[in-house]
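Values quoted throughout were computed directly from the atomic coordinates according to the rules given, and no laboratory measurement underlies them. Small disclaimer: the values here were computed from a predicted structure and weren't measured. Virtual Cβ from ideal backbone geometry, glycine too; neighbours counted across all protein chains shown.
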Amino acid sequence: MSKVLEVGEITDVVTEFGTELHAEIVRVFCPACSEEFIGTKRAAGGFVAGHAAFHDHENRMDVILSNMGGT
Ligand SMILES: [Zn+2]
């Protein structure tokens, strides 16, 4: 996938897993770190879930560290 995708575009996307037909290109934003992602909804879901898991992990590490008397 080397073509630059435009938000709102409906396109067919070939990935290593298969071909997504009529996939809408969306833009999503992570409120925790302000990273943004442009891609298919499927990929955007992975971005959102990945960031949620990552930031949740970071928060948990902070709580564990502070409970141990660290920063
Ligand atoms: Zn994030």
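For n ≥ 4 DSSP H runs only, could you compute -39500 (n - 2.57) per run for the chain, divide by its residues and tell me the 222 nm figure to the nearest 500?
That calculation yields -13500 deg cm²/dmol at 222 nm.
So how far apart, in nm, are the two label points at D62 and E16 if each is 7 Å from Cα heading toward Cβ?
If labels sit at D62 and E16, their model points lie 3.3 nm apart.
For the Cα atoms of the chain, what angle does the longest principal axis make with the long axis of helix 41-67, in degrees from 0 to 90, nearest 10?
That works out to roughly 10 degrees.
Over the chain, what is the relative contact order in percent, taking alpha-carbon pairs closer than 8 angstrom and at least six residues apart?
Relative contact order for the chain comes out at 20 percent.
Translational D (Stokes-Einstein, µm²/s) of the chain at 10 °C and 1.306 mPa s when Rh comes from the Kirkwood sum over C-alpha pairs?
On the way: Rh = 14.1 Å.
In µm²/s, the coefficient rounds to 113.
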